[in-house]
Each structure stands twice: as structure tokens, then as C-alpha cells.
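**Q** Okay, handing you the structure first.
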Amino acid sequence: QVQLVESGGGLVQAGGSLRLSCAASGRTIPSYVMGWFRQAPGQEREFVSAISWTYGYRYYADSVKGRFTISRDNAKNTVYLQMNNLKPEDTAVYFCAAAVSGGDYRAPENYNYWGQGTQVTVSS
């Protein structure tokens, strides 16, 4: 089994920054894509960003493009999400996920493993 553990969430004022980390452990899998999703109360889980594990291709939702940066450290089996210029509408629980095969990287159903989530709260 694969475990994903997120960290780095917290409370920040609008315009501030946070860096989320997602550490993978357990059975080694050739993950195709690592993704970040978020879910606000009463909302569906939405795609934020993704990175291909082998080639490092990066993908972003339009709402975070230019503010968030996804990166990976293959040696540490860790994916990061640097979030700058945070806005109150970024408030949500952020989840990392791993997909072991191809498919639409924006679709949660294509991901096989999920972390427990970390809360990000942005105050105005």
C-alpha cells in the first residue's frame, strides 16, 4: 500500500504564502502523475495542480496559474505546492493524490491513492 501524508497547511492572511508538502511512503509505485486537489465546505473536490513524476510536466487550474508552483523531489518521494499571493477563495482542505496510470489528470477518479488532507485558511 502507498501512504501519502500532506503537511504545511495553516492560517495565513490574504497575500501571504504557504508551502504544502506531500510525502509518499510504503510500497514503491511508478506513479504517473502526482496531483493536488482542494475541497471547500459544500463544494466538490477540484483540481489545483499536477506534475508528471518522470518528466516533470506541470499543469495548473486557471484559478491558481501564476500564483502556485508545483515541484517534486524524486529522491525524497515528495511533491510540493508553493502557494503565493493567497486569496480568501483559496481556503479549503488540500489533498495530494497519486495516479498510477494515464488519464485526465484533472479528474479525481483517475487517482488511486489519496492523503488525508491539510487545511488552508486565508483570512481577508
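**Q** With the requirement that a residue be within 14 Å of residue 47 (Cβ to Cβ) and touching a residue at least 12 places away in the same chain (Cβ under 8 Å), what does segment 64-89 give you? Break it down stepwise before answering.
**A** Narrowing segment 64-89 to residues within 14 Å of residue 47 (Cβ to Cβ): 64-65, 68, 70, 81.
Of everything in segment 64-89, those that are within 14 Å of residue 47 (Cβ to Cβ) and touching a residue at least 12 places away in the same chain (Cβ under 8 Å) turn out to be 64, 68, 70, 81.
**Q** Give me a count of the residues in segment 41-81 that are in a loop (DSSP other than H, G, I, E, B) and open to solvent by less than 90 Å² (accessible area, probe 1.4 Å).
**A** Residues that pass the stated criteria total 10.
**Q** Return yes or no: is residue 10 touching a residue at least 40 places away in the same chain (Cβ under 8 Å), small (Gly, Ala, Ser), under 22 Å from residue 105 (Cβ atoms) and out of contact with any Gly (no Cβ under 9 Å at 6 or more places or on another chain)?
**A** no
**Q** Which of (1) in a strand (DSSP E or B); (2) out of contact with any Cys (no Cβ under 9 Å at 6 or more places or on another chain); (3) among the small types (Gly, Ala, Ser) is the odd one out, the single condition residue 21 does not satisfy?
**A** Residue 21 satisfies every listed condition except (2).
**Q** Then there is this: Looking at (1) open to solvent by less than 50 Å² (accessible area, probe 1.4 Å); (2) in a strand (DSSP E or B); (3) modelled with pLDDT of 95 or more, which one does residue 16 not meet, given that it meets all the others?
**A** (2)
**Q** Then there's this: Tell me which residues, restricted to segment 95-116, are buried (at least 21 other Cβ atoms within 10 Å of the Cβ) and in a strand (DSSP E or B).
**A** 95, 96, 97, 98, 99
The values are calculated or read from the model by the stated rules, or taken from the named source; none is laboratory data. Computed from a predicted model, the values in this text were never measured in an experiment. Here Cβ is always computed from backbone atoms with ideal geometry, including for glycine, and neighbour counts include all displayed protein chains. For accessibility, only protein heavy atoms count, side chains too; no ligands or nucleic acids. Shrake-Rupley method; radii C 1.70, N 1.55, O 1.52, S 1.80 Å.
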